[in-house]
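Step one of this worksheet: look at the structure below.
The values are calculated or read from the model by the stated rules, or taken from the named source; none is laboratory data. Owing to the predicted nature of the structure, the values given are computational and were not obtained by experimental measurement. Positions of Cβ are generated from backbone atoms using ideal geometry, with glycine treated the same way; all protein chains shown enter the neighbour counts. Please note that ligands, DNA and RNA were not included when accessible areas were found on the heavy atoms of the full protein model with its side chains. Shrake-Rupley method; radii C 1.70, N 1.55, O 1.52, S 1.80 Å.
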Amino acid sequence: MIELLNTAEIQAYLKRIGIDDIKEPTLEFLFELQRAHVQYLSWQTLDIFAGLPAEISLQDSIQLILQGRSGYCFHLNGAFSVLLRSLGYTVDWHRGGVQPHGEQPRVNSFHLGLSVLLPDADPTVERWIVDVGLGGMPFEPLPLRYGTYGSAPFTYQLMPSSVVAGGWRLEYEPNGPSEGVDYAPEAITSLEEFIPKHEFYSRAVESPWHNVFLLRQRNEIRSHELRGCMLRTHDMEGIRKKEIRNYTEWRNVLTEIFYEPLVNYSELECQDMWERIQAAHTEWKRVQEA
């Protein structure tokens, strides 16, 4: 049994993402919720980089959000699912798998997917895909109806999955962080199978996020990615990259673009984190120039 949030917790969660009022569980409010969640809660590996990864129980993920922090798919979609259920939405969890560039599609439970059942919102759609835990996340819910969604440069193709019967696949625009993500159609009722995946992602040396400082955020018109010292911005004008050169600029970028004030870390810990990032960046530049 999933414990729902009380009214005070709902209000605190909504305030965290810039929403003032609790509303009825309509499709319109679902759109407002996803837009706000994606904009104000960045996908990030910050705690993993710091060696302090948060656990992925629903209670842990909710507290992460309420304490002014963020995380990656298991935290973001886990917490969002509890918020939606507490607001009266019917939410299902799905096994997912993200396909990195140059690799094959998969559904391997390295991604937690969400869908919301809203049979009365649209006569042609019963289920909506809501995903606030992808690095290349859509800004709004998508109807589970195959087609092309979003406007340039952020377009998404929704199609049948080729790796799981009855599943669906979401492909990013060409400059997205991955090729796409596949979802299994059956709803699951426990996060148990995701725990070893999280342990690998957050602690294994072989993890793609091992020793990687990475945040991703998007809004209606642009996306941002901060990888180490490099800030990447993507919008209608194209892709621009900027090197972050000092600690003050780094903190400002985190706060102003990614809404990440590092509330869980002391000033000394933040400075140590920056020094690690800067040292890795200097070594990377040395190798590039060799």
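Criterion applied to 178, 223, 266 was being under 22 Å from residue 78 (Cα atoms) and among the hydroxyl-bearing types (Ser, Thr, Tyr), and the one residue passing it is 178.
Here is a check on your reading of the model: is residue 276 over 15 Å from residue 44 (Cβ atoms) and assigned to a strand (DSSP E or B)? Judged against the criteria, residue 276 is not a match.
Do we find a residue being small (Gly, Ala, Ser) and either within 26 Å of residue 206 (Cα to Cα) or buried (at least 19 other Cβ atoms within 10 Å of the Cβ) (or both) anywhere in the range 37-49?
Scanning the range 37-49, I find at least one residue that is small (Gly, Ala, Ser) and either within 26 Å of residue 206 (Cα to Cα) or buried (at least 19 other Cβ atoms within 10 Å of the Cβ) (or both), so the answer is yes.
Selection of the range 73-103 for residues being in a loop (DSSP other than H, G, I, E, B) and either more than 16 Å from the chain's Cα centre (by Cα) or within 26 Å of residue 26 (Cα to Cα) (or both) yields 87, 88, 89, 101, 102, 103.
No other residue among 114, 33 is touching a helix residue (DSSP H, G or I) at 6+ places or on another chain (Cβ under 8 Å) and either surrounded by fewer than 23 Cβ atoms within 10 Å (Cβ to Cβ) or part of a strand (DSSP E or B) (or both) apart from 114. Each residue in the range 255-270 was checked for being open to solvent by less than 70 Å² (accessible area, probe 1.4 Å) and not in a loop (DSSP other than H, G, I, E, B), and 2 of them qualify.
Any residue at all in the range 201-220 that's touching a Phe, Trp or Tyr at 6+ places or on another chain (Cβ under 7 Å), in a helix (DSSP H, G or I) and surrounded by 18 or more Cβ atoms within 10 Å (Cβ to Cβ)? Looking through the range 201-220, at least one residue is touching a Phe, Trp or Tyr at 6+ places or on another chain (Cβ under 7 Å), in a helix (DSSP H, G or I) and surrounded by 18 or more Cβ atoms within 10 Å (Cβ to Cβ).
With respect to the conditions (1) loosely packed, with under 13 Cβ neighbours inside 10 Å; (2) of a type in the set (A, V, I, L, M, F, W, C); (3) at pLDDT 95 or above, residue 279 lacks only one, and its number is (3). Inspection of the range 144-156 finds a residue satisfying the criterion of being crowded, with 18+ Cβ neighbours inside 10 Å, without any contact (Cβ under 8 Å) to a residue 40 or more places away in the chain, touching an Asp or Glu at 6+ places or on another chain (Cβ under 7 Å) and within 23 Å of residue 172 (Cα to Cα).
Exactly one residue out of 102, 18 is open to solvent by 10 Å² or more (accessible area, probe 1.4 Å), modelled with pLDDT of 95 or more and at positive phi, and it is 18. For the range 159-180, indicate whether the set of residues that are within 13 Å of residue 131 (Cβ to Cβ) and either surrounded by fewer than 15 Cβ atoms within 10 Å (Cβ to Cβ) or without any contact (Cβ under 8 Å) to a residue 12 or more places away in the chain (or both) is non-empty. Checked against the condition, which is being within 13 Å of residue 131 (Cβ to Cβ) and either surrounded by fewer than 15 Cβ atoms within 10 Å (Cβ to Cβ) or without any contact (Cβ under 8 Å) to a residue 12 or more places away in the chain (or both), the range 159-180 yields no hits at all.
Among the residues of the range 46-72, those identified as touching a Pro at 6+ places or on another chain (Cβ under 9 Å) and either farther than 17 Å from residue 269 by Cβ or not in a helix (DSSP H, G or I) (or both) are 68, 71.
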